[in-house]
Amino acid sequence: MATLNHLYFVAIVLNFYFFSTTVVAEQGTATFYTPPYVPSSCYGYENDGVMIAAASDAIWGNRAACGRSYRVKCLGPTNNGDPHPCRGDGSVVVRIVDYCPPGCQGTIDLSQEAFASIANPDAGKILISFDQYVMKYEAPKCLRGYGIDSGTLLDMDIL
């Protein structure tokens, strides 16, 4: 019986190994907006730093995008202005704090600083891939006995 249980376990592990799905990033475009970044649609006059973005209708979801983090990667140009706009590894993690209203020119409207970290601002608009960013954390040892363990933080504010 123990051998049969081991075989079931091995079959389950192999199933996850061979048939697990890989998250595929979505594609779109990014533009940028300039300061001041407050007030924002999500947080009013709260200063959220500069690695932020505004969501277009494509990801806004009636404010559901507020607070989500996205990894945005520059893929290339959208026009003939700058044939090679991407910089460095071309990716940045931003937090959605605002709404880019109808007529928005990009899927994600990055802060000027976030855009400049992945692409030449002279490009104005770039092709991107983006996916929701999940932050992994390790709980401090002193908190582990109180029901706070290591895991995943997704769409949570950390105090």
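Annotations for the structure displayed:
- Of all DSSP beta bridges in the range 23-134, antiparallel share, percent nearest 5: 75
- Here the gap between Ala64 and Gln112, fully extended at 0.36 nm per residue and compared with their Cα-Cα distance, gives a gain of 15.0 nm.
- Packing rank of 35-47, 108-120, where each peptide gets the mean count of other beta carbons within 10 Å, highest leading: 108-120, 35-47
Values quoted throughout were computed directly from the atomic coordinates according to the rules given, and no laboratory measurement underlies them. Everything quoted here is computed from the prediction, not taken from an experiment. Positions of Cβ are backbone-derived with ideal geometry, glycine not excepted, and every protein chain shown enters the neighbour counts.
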